[in-house]
Amino acid sequence: NSGTASMTVTVNKASMTVVASSHTVTYGDATTSLSRSYTGFVNSEDASSSAFTTGLVAPSCTTTYTSSTSVSSSGIATSCSGGSATNYSFDTYTAGSITINKANQAAISVTSTSGTVGSTLALTYTGGTGTGSISYQKSNGSATCTLSGSNLSVSGAGTCLISVTKAADTNYNI
């Protein structure tokens with residue numbers, strides 16, 4: 001009889017959670033670079049420890065967000081999957097999200113027009129962004145002008161100060 005015995009010990013990988021990154025973008029922004037973080041390290045290791053990085057195949061992360069994704073779709077999921085590590089098992093994947101904020105509109109201006117007393121001018125504009133409705137406003141001036149929608153009736157010589165506003169919509173602020 002011998003005083004020595006041997007046995008095989010099975011050492012399982014430590015369980016780890018992969019967390020997909022979350023981002024805040026403005027409507028029209030390019031697709032953001034996704035990243036991941038990890039929780040569940042053991043033995044005082046972290047994501048830069050050689051015990052973790054040696055043999056690491058990082059999980060891939062994806063999203064359906066594109067630069068044309070509407071603000072109304074805000075909260076688009078980001079997710080990670082796959083990957084492997086020598087000493088860790090990626091057992092749980094936690095989704096992130098992309099929050100989309102409204103963009104500011106491009107500058108807008110009234111197209112310069114002139115007319116004669118007794119005429120009605122059809123006002124037009126250039127610029128602005130999105131699908132918001134257009135409204136014109138008349139303020140001080142030396143002429144007698146009446147504004148109805150986008151039509152300006154002139155009944156006295158001088159100047160009329162007209163401004164234009166494009167309303168906010170789903171993706172753009174005023």
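Inside the range 39-54, residues that are under 18 Å from N12 (Cα atoms) and open to solvent by less than 50 Å² (accessible area, probe 1.4 Å) make up a count of 4.
Please work out if T10 is open to solvent by 80 Å² or more (accessible area, probe 1.4 Å) and not in a strand (DSSP E or B). Against the criterion (open to solvent by 80 Å² or more (accessible area, probe 1.4 Å) and not in a strand (DSSP E or B)), T10 qualifies.
Kindly indicate whether any position in the range 105-122 is in contact (Cβ under 8 Å) with a residue 40 or more places away in the chain, in contact with a Ser or Thr (Cβ under 8 Å, 6 or more places away or on another chain) and closer than 10 Å to I162 by Cα.
Within the range 105-122, one or more residues are in contact (Cβ under 8 Å) with a residue 40 or more places away in the chain, in contact with a Ser or Thr (Cβ under 8 Å, 6 or more places away or on another chain) and closer than 10 Å to I162 by Cα.
Checked against the criterion of being closer than 30 Å to Y172 by Cβ and part of a loop (DSSP other than H, G, I, E, B), the candidates D29, D46 yield just one match: D29. As a summary of the residue check, V57 satisfies the conditions (1) in contact (Cβ under 8 Å) with a residue 60 or more places away in the chain; (2) touching a strand residue (DSSP E or B) at 6+ places or on another chain (Cβ under 7 Å); (3) open to solvent by 40 Å² or more (accessible area, probe 1.4 Å) except for the one numbered (1). Taken as a whole, the range 13-20 holds at least one residue that is at negative phi, in contact with a Ser or Thr (Cβ under 9 Å, 6 or more places away or on another chain) and assigned to a loop (DSSP other than H, G, I, E, B). Annotation note: Cβ proximity below 9 Å between a residue of the range 158-174 that is under 11 Å from N104 (Cα atoms) and a residue that is among the basic types (K, R) (sequence gap 6+ or interchain) occurs for A168/K102; D169/K102; N171/K102; Y172/K102; Y172/K166; N173/K102; I174/K166.
The values are calculated or read from the model by the stated rules, or taken from the named source; none is laboratory data. Treat the numbers as computed from the prediction; the structure is a model and nothing was measured. Cβ coordinates were reconstructed from backbone atoms using ideal geometry, including for glycine residues, and neighbour counts include every protein chain displayed. Side chains are part of the model used for accessible areas, which takes the heavy atoms of the whole protein and leaves out ligands, DNA and RNA. Shrake-Rupley method; radii C 1.70, N 1.55, O 1.52, S 1.80 Å.
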